[in-house]
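Participant: Structure provided below as structure tokens; questions to follow.
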Amino acid sequence: MEVPVNIFEELDKTKAKEISDAVYNSARRYLLAFVYLHEPIVFKDLANHFKMQSNLLSYHLNKLKMAGLIKNEYIAEREANKGYSKYSISETGKKFLELTKAKEFLDKVKDK
């Protein structure tokens, strides 16, 4: 997916390369849309849906996170001595979806 350069004029210019690299991959574009539609969503639910190895899913999520398109929150569970990550779309991610006209389509799907 080629992202028009003028989109970056309205996004974080320091992240332009990371955003372009992140959305170039079709799996990450689908992942970004899925997070938007189901936010907040935990890693386990993403792994169940995408049926990919957890290290590969983590890699794609990290690319989106480093580009500033998604954010995650780690929730610690003291009783179980473990935790989980909850993912949601960032403001930059929402703006990217708006500028690429994807948000309008996704909002229609989300409302159904």
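The values are calculated or read from the model by the stated rules, or taken from the named source; none is laboratory data. Only a predicted model underlies this, so the values are computations on that prediction, with no experimental measurement involved. Every residue, glycine among them, receives a Cβ derived from its backbone with ideal geometry; neighbour counts consider all protein chains shown.
Participant: Is at least one residue of region 24-35 closer than 18 Å to Ala102 by Cα, of a type in the set (S, T, N, Q) and not in a loop (DSSP other than H, G, I, E, B)? Walk me through it before giving the result.
Facilitator: Step one: of region 24-35, the residues closer than 18 Å to Ala102 by Cα are 24-35.
Okay, now just the ones that are also of a type in the set (S, T, N, Q), so 25-26.
Then keep just the ones that are not in a loop (DSSP other than H, G, I, E, B); that gives 26.
There is at least one residue in region 24-35 that is closer than 18 Å to Ala102 by Cα, of a type in the set (S, T, N, Q) and not in a loop (DSSP other than H, G, I, E, B).
Residue-wise test of (1) modelled with pLDDT under 85; (2) crowded, with 16+ Cβ neighbours inside 10 Å; (3) within 30 Å of Glu77 (Cα to Cα).
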| position | (1), (2), (3) |
| --- | --- |
| Pro4 | yes, no, no |
| Glu9 | yes, no, no |
| Lys15 | yes, yes, no |
| Asp21 | no, no, no |
| Tyr24 | no, no, no |
| Ala33 | no, yes, yes |
| Leu37 | no, no, yes |
| Ile41 | no, yes, yes |
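Participant: Another question, then. Being under 12 Å from the mean Cα position of the chain (by Cα) and either more than 15 Å from Thr92 (Cβ to Cβ) or in a strand (DSSP E or B) (or both): is that true of Ala47 here?
Facilitator: So Ala47 does not fit the description; no.
Participant: Can you work out which of the residues in region 50-88 that are assigned to a strand (DSSP E or B) and among the charged types (D, E, K, R) is nearest to Val23 (Cα to Cα)?
Facilitator: Ranking the candidates gives Lys71 first.
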